[in-house]
Amino acid sequence: MQALVIVAHGSHLNPDSSTPTYDHADTIREVGAFDEVRTGFWKEEPSIREVLRTVEADEVYVVPLFISEGYFTEQVIPRELRLDGWDVADWDSDGLSASHVTLTASDVPEKTVHYCGPVGTHEAMTDVIVRRAETVTRDPNVGDGFGLAVVGHGTERNENSAKAIEYHADRIRQMDRFDEVQALYMDEDPEVDDVTDYFESEDVVVVPLFVADGFHTQEDIPEDMGLTDDYRTGYDVPTVVDGHRIWYAGAVGTEGLMADVVLERAADAGADIGDALTVVRERTRKTPQEAN
Amino acid sequence: MGHHIDALVDAASEDGVALDGLRVTHEDDGYRLETPEATRDGLSAADLADTLGDYDDYATNWYFWTNVVGESSPQRRAFLRWVEGADEHAVPERYDALRDGIRREWGQLLVTVTVDDHGERSYDLRHVDDGDHDTSALDEYHEPLAARQLATYDENGRYRPLKTGANLAGGWVFPELDGRDLVETVGTFYPASVPNWYREREGTLDVEHWEDTIGRQTGMYSVVETWNRGDGHEHVDWVAEACCDDSQCVKRREWQYNDETDLDVDGGDGAFPCREPCSLVIAASRKWTRLEGEETRTYEFELTPSEKEQVEDIIEAVADGRVDDIREADVYEGANRYRTRFLRAKLFDDDGNLCGVPTDDE
Ligand code: SF4
């Protein structure tokens, strides 16, 4: 028997924080790739501390629904899961390349725990950003005549966070699909406040690389970009700012295709998921693809 | 002949059967059947099947626990047996009770288990306050995961940050769950409550006391450790009284100050244990650590005796979550809105200072 455990931050204040985690867990549950799919949270329940004891299966794949490697993936989650002999060096990562380690956890010594790298740094995440752009523009072929901005925190809190943003921006640039691609930050240059300065294209899709919608994606970024003076009154998609149409996508983590990245992480760690990837990629598509 | 009897005869021919007072063994002179009521020896397989027909409740009971529930999850099995009191009550009286429905409370959940003629159990799950309501008056659900949404908001539509908070809203029912789905649903309302309860029964619950839990914190929560000074634990008594009281949280607090020192506050009567301070308690304690770092000062306020009592009434009403229950025109309640607005109009200056006394010396 194999189980998937998705661990995420959660919130004491905002019910939307855990919504994407539950949604992706449900998507994966429906394709039946795992005998069990469970969720655990830092701020909600079950806590990461107690999630492993809710699992029956003996092979457990733990995938952190976090954007970058850092404090949570390297310290908090391994500590709370009580992973025996965890050493971040075993990930042998340059800040982007953590894949998985296989350990035991003293909480459930009879089980094998495959602890995976965060979803945000997986290469499949690039496709989720693009899918998010398709969803928000309702155009499965969006790209021509469009600029794309990938937005994150800066290096202030975690230098790996900026690395992840750059990494995906580069990969999308190489696809040659959008006219322009730019990485933008909340607390350093190039700043998301000045988004229109960085694009020539009239249409710009802005995708924040965040796991869930919350304060940053629903309040800060829309106000910083000038979509609205007061986030409570909402904003249109697109909104015209300085002559550009800004298509603001909200947190990329709410895109259904995120479930695919969770599956990829578990598969990389050895989970047997059959054809689940193909099924999930199709089921989570909100914009019908035209026949070629 | 029911398939449960065929299965029982098969099992008896192999390793024998022993459960809840029923014993069937295979001896040299045939089968031997024992119940607390009777013993029969030297039975052929056909005799055994016939005789079991007279002890059908024993037979369906064996079938249910052996073939339907099984042993694959010891904690699920233990919980389902606890629900119907299987370890305390013999089969005949238990089946009588099951036909009427046996009720068990689990936090604010009420489980009612009933049995049909084949020994199949059916579980009805609802809010304890809805125990006497007609099922048709409640919203029906059948999928365990539907509990997620029901657990997210209180009856005023506010987000519940603590799944075991004593503010679960009612109005719903899962009228016929099987055992597996019952445990899933209970685990969705109260995550990890069954595994922790099971570990406690087995004597292996890993309680982690305040000192160790706080000592484990890093990052923004590491500051809470500075709140502990020496052996005093009054501050943690206050935390437990504020957050963990049965009126606030349905878990039974088992964690103490440390291995040697118990808190002075009672842990409550909850059906399932709390093994360490939760994230909500830690987040609140971070705030208290900062607030409690302040030194006291002497302020001078002039209040009438009734005003002093009114301030106390307001604190009581907020602490007990009674503010919304105080009627608008009930001016006999100190925490009544008009009474409170009057107090503010009279005693606050333009900067919101009580009796015009500034918080800090200018
Ligand atoms: S620490 Fe207190 S409030 Fe938190 S879950 Fe335990 S008993 Fe409830």
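The values are calculated or read from the model by the stated rules, or taken from the named source; none is laboratory data. Everything numeric in this text was worked out from a predicted model, so none of it was measured. In this analysis, Cβ positions are derived from the backbone assuming ideal geometry, glycine residues included, and neighbour counts consider all displayed protein chains. Only protein heavy atoms, including side chains, enter the accessible area calculation; ligands, DNA and RNA are left aside. Shrake-Rupley method; radii C 1.70, N 1.55, O 1.52, S 1.80 Å.
Some values worked out for this structure:
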item: Estimated vicinal HN-Hα couplings, Hz - region A:195-212 in sequence order (Karplus 6.51, -1.76, 1.60; Gly, Pro = x); result: 3, 6, 5, 9, 10, 8, 4, 6, 9, 10, 8, 10, 10, x, 7, 10, 6, 9
item: Lysine pair count for the protein assembly as shown [Cα-Cα under 22 Å; pairs on different chains or 8 or more apart]; result: 6
item: Surface per residue (accessible, 1.4 Å probe) for region B:298-362, Å²; result: 82 Å²
item: Cα pair count fraction exceeding 19 Å, expressed as % - region A:124-253; result: 42 percent
item: Other protein chain Cβ atoms within 10 Å, averaged over every residue that makes up A:8-15; result: 3
item: Unit Cα scatterers, Debye sum, region B:279-362: log10 I(q)/I(0) for q = 0.19 Å⁻¹; result: -1.03
item: Angle between chain A longest axis and helix A:19-31 axis [Cα atoms, degrees, rounded to 10]; result: 60 degrees
item: Drop in accessible area of at least 50 Å² in the complex versus isolated chain, residues of region B:277-323, 1.4 Å probe; result: B:Ser279
item: Whole-Å distance, taken between Cα centres, linking region B:228-281 and region A:37-94; result: 26 Å
item: Distance in nm between pseudo-label sites at B:Asp266 and B:Glu295 (7 Å out along the Cβ direction from Cα); result: 4.0 nm
item: Karplus (6.51, -1.76, 1.60) ³J(HN,Hα), θ = phi - 60°, over region A:56-61, in Hz, Gly and Pro reported as x; result: 8, 4, 9, 10, 10, 9
item: Residues whose placed amide H lies under 5 Å from that of B:Cys249, excluding near-sequence neighbours; result: B:Ala166
item: Rh by Kirkwood over Cα pairs, then Stokes-Einstein D for region B:71-198 at 1.002 mPa s and 20 °C, µm²/s; result: 142 µm²/s
item: Spatial separation of Cα centroids for region B:5-46 and region B:91-136, in angstrom; result: 30 Å
item: Region B:224-328, relative contact order [Cα under 8 Å, separation at least 6], %; result: 24 percent
item: Residues whose placed amide H lies under 5 Å from that of A:Val5, excluding near-sequence neighbours; result: A:Arg38, A:Tyr61, A:Val62, A:Val63
item: Total accessible area lost when A and B pair, probe 1.4 Å, Å² to nearest 100; result: 2400 Å²
item: Once the Cα gyration tensor of chain B is diagonalised, semi-axes √(5λ) in Å; result: 56, 25, 15
item: Other-chain or far-sequence residues with amide H under 5 Å of A:His100's (modelled H); result: A:Gly117
item: FRET efficiency, 1/(1 + (r/R0)^6) with R0 51 Å, evaluated for B:Ser13 and A:Phe215 via beta carbons; result: 0.15
item: Chain B - percent of accessible surface contributed by carbon and sulfur, probe 1.4 Å; result: 44 percent
item: Under the Karplus curve 6.51 cos²θ - 1.76 cosθ + 1.60, θ = phi - 60°, whole-Hz ³J(HN,Hα) for region B:39-47, x wherever Gly or Pro sits; result: 10, 10, 10, x, 8, 6, 4, 5, 4
item: Sites B:Thr218 and A:Tyr22, calculated FRET efficiency, Cβ-Cβ separation with R0 35 Å, nearest 0.05; result: 0.80
item: Span per principal axis, largest first, for the Cα atoms of the protein assembly as shown (Å); result: 95, 83, 51
item: Antiparallel bridge percentage (DSSP; both residues within region A:124-253; nearest 5); result: 15 percent
